[in-house]
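What follows is a single structure, written as structure tokens, with notes after it.
The values are calculated or read from the model by the stated rules, or taken from the named source; none is laboratory data. From a predicted model like this one, the values you see are computed outputs, not experimental measurements. For neighbour counting, all protein chains shown are included, and Cβ atoms are generated from backbone atoms with ideal geometry for every residue, glycine included. Note: areas computed on protein heavy atoms with side chains; ligands, DNA, RNA excluded. Shrake-Rupley method; radii C 1.70, N 1.55, O 1.52, S 1.80 Å.
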Number of protein chains: 2
Amino acid sequence: MQQTTFTVRPVATIESPLGPGAQTPRQGDEGAPQAWVAFNAEVADAVRDLRAGQDVLLLTWLERADRTVLTVHPRSDPERPLTGVFSTRSPARPNPVGLHRVTILEIADGPRMRVSGLEAWDGTPVIDVKPVLDPHTER
Amino acid sequence: MQQTTFTVRPVATIESPLGPGAQTPRQGDEGAPQAWVAFNAEVADAVRDLRAGQDVLLLTWLERADRTVLTVHPRSDPERPLTGVFSTRSPARPNPVGLHRVTILEIADGPRMRVSGLEAWDGTPVIDVKPVLDPHTER
């Protein structure tokens, strides 16, 4: 079945010390560093109510991921059985969207925002930012 | 700044009684009905470890949304001040990705799965499914 496709246009870019040469934690709560989210100037109005102290969900596009992969060994551990990617957070999946809960530490001109504990590589495109609906029940 | 764009290819389609003519709840816990997620056969391997009883995050592409909108009145209430869309869950946003926490009620051939409480319209494309990392802290 041939289906319609859609075009994703990044709204921001990650600035991070993490990259291909570095050790990347697999989830944001496993020692990931702070990062900057540098927004495109044209989405400034969409950003204007974000504040330091808020928790938000960042959606990224993991452009280096292999989109043809449908099963993986979770956490790249060959001891774990091959698992369908919809049951894992592997970047390898048909649409490589990353979902990251972060805390906003600082808002600056650009606009840009500094966030806590983000495991995405430097240069990763950001495609959306969403509020956490319940601070106690979402990550 | 001209940036790279990316192509989203739907992996499934929502089958739901909800549509343009119906009253659509704004969040899944406000009385949304059950729905079916009908996967494309070619992603069957990605689906194979999903089980009834699991909570998952569905990512949809809200194709009817206005992507040029940067501020909205939250919950379409004109009494609420205009707010940057990155501080709202409005479908209107630069990349109209919907994020829905649902419980899998049934897995069937196709593959397809029946899920609880989904506020998306019939025909909505699904772009990803992710496990909930902590059942108590994610929606």
Worksheet item: On average, how many beta carbons from a partner chain sit within 10 Å of the beta carbon of a residue in B:76-86?
Response: 4
Item to complete: Using a 10 Å cut-off on Cβ to Cβ distances, tally the other chain neighbours for every residue of A:44-55 and report the average as a whole number.
Response: 4
Worksheet item: What is chain A by shape, rounded, prolate or oblate, if you read a ≥ b ≥ c off the alpha carbon gyration tensor as root eigenvalues and call it rounded for a/c under 1.5, prolate for a/b larger than b/c, and oblate otherwise?
Response: prolate
Worksheet entry | With DNA, RNA and ligands ignored, accessible area of A:D66 (1.4 Å probe; Å², nearest 10) | 80 Å²
Response to the item:
Scalar couplings 3J(HN,Hα) for segment B:121-126 by Karplus 6.51 cos²θ - 1.76 cosθ + 1.60 (θ = phi - 60°), nearest whole Hz, x for Gly and Pro, are 6, 3, x, 5, x, 9
Fill in: Peptide-level mean, for A:122-131, of C-beta atoms on other protein chains within 10 Å
4
Response to the item:
Expected vector for segment B:68-75, Karplus 3J(HN,Hα) from phi with 6.51, -1.76, 1.60 and θ = phi - 60°, integer Hz, x for Gly and Pro, equals 8, 7, 10, 9, 9, 7, x, 6
Worksheet, complete the sentence: Summing -39500 (n - 2.57) over every DSSP H run of at least 4 residues in the protein assembly as shown and dividing by its residue count gives a helix-only mean residue ellipticity at 222 nm, to the nearest 500 deg cm²/dmol, of -500 deg cm²/dmol
Worksheet entry | Rounded if a/c under 1.5, otherwise prolate or oblate - the protein assembly as shown, Cα gyration tensor axes | oblate
Worksheet item: Which cross-chain or sequence-distant (5 or more) residues have an amide H under 5 Å from the amide H of B:L18, H modelled 1.01 Å from N in plane?
Response: B:D122
Practice prompt. Would you mind checking which residues have amide H under 5 Å from B:L105's amide H? H placed 1.01 Å from N; only 5 or more apart, or other chain.
Written response: B:G53, B:R114, B:V115, B:S116
